[in-house]
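Read the structure below first, then the notes.
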Amino acid sequence: MGSMIKVLVAEDMHIVRGALVALLGLEPDIEVVAECASGDEILPLAQSARPDIALIDIDLPGKDGLTAAAELHEQLPGVRTLILTSLGSPGTLRRALAAKVNGFLRKDAPADRLANAVRGVAAGRRVVDGDLALAAWDSEDCPLTAREIEVLRLASVGSDPTEIAAELFLSAGTVRNYLTTIVSKLSARNRVDAVRIARESGWL
């Protein structure tokens with residue numbers, strides 16, 4: 001390879017970011033041209049540094065990694081995106097694929113896999129961590145309707161049925177019916193359990 005692969009690293013944990021930058025710096029064909037700690041910084045940095053690849057942690061403060069990746073895709077289509085996650089939930093992977101990211105890798109992947117993922121994405125391939133891909137194919141699609149997810153999302157932040165009803169212009173009785181349906185569809189013990197199941201499956 002004649003030219004260097006230029007990488008932007010977005011990771012809010014300083015130690016992890018330092019390690020990523022150091023690891024990539026050891027590769028003869030990869031150069032880290034920019035680094036940042038929040039999702040809001042990614043697009044402006046990419047516009048000035050013009051990386052080939054943005055290596056983005058999924059859980060960033062400000063804009064989350066997938067939102068930032070979708071923005072990059074729209075505004076700087078030449079920049080490919082590789083998402084790093086510590087959460088290998090299938091729903092997260094589906095969201096990442098919907099955000100048109102080019103790669104998806106777990107943070108605890110071996111160091112050589114990181115460099116190879118960067119090279120793979122730079123070469124135009126879609127790179128998805130094997131374990132994550134299997135989990136996504138094995139996982140069941142969400143049994144909840146969009147409206148039920150909306151109700152559960154509001155319940156997950158502590159809103160009671162009356163508050164959820166006001167927010168969604170429904171009656172409190174209708175909201176209670178939704179919550180009962182959600183709990184039974186997810187085979188959950190109660191509302192809190194339903195929220196946990198939906199979160200772990202990546203539906204919320």
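Structural remarks
- From the C-alpha gyration tensor of region 1-66, square roots of 5λ in Å: 20, 14, 8
- Whether region 1-119 is rounded, prolate or oblate, judged on the alpha carbon gyration tensor where a/c under 1.5 counts as rounded: rounded
- Distance histogram for the chain (every C-alpha pair counted, 5 angstrom bins, percent rounded to whole numbers): 1, 7, 15, 17, 15, 12, 10, 9, 7, 4, 2, 1, 0, 0
- Taking 0.36 nm per residue of separation and subtracting the Cα-Cα distance, full extension of the segment from S171 to K100 would add 21.8 nm.
- Length available on full extension from T162 to R50: 0.36 nm per residue minus the Cα-Cα distance, which gives 35.4 nm.
- If you take all other residues with their beta carbon under 13 Å from the beta carbon of A172, and give Lys and Arg +1 and Asp and Glu -1, the sum is -2.
- Rounded to the nearest 10 degrees, the angle from helix 111-122 to the longest Cα principal axis of the chain is 90 degrees.
- Residue-averaged 222 nm ellipticity for the chain, from DSSP H runs of 4+ at -39500 (n - 2.57), nearest 500: -15000 deg cm²/dmol
- Lysines with Cα under 29 Å of K63, excluding same-chain neighbours fewer than 8 positions away: K6, K100, K107
None of the figures in this text is laboratory data; all of them are computed from the coordinates on show. These numbers come from a predicted model, not from an experiment. Positions of Cβ are generated from backbone atoms using ideal geometry, with glycine treated the same way; all protein chains shown enter the neighbour counts.
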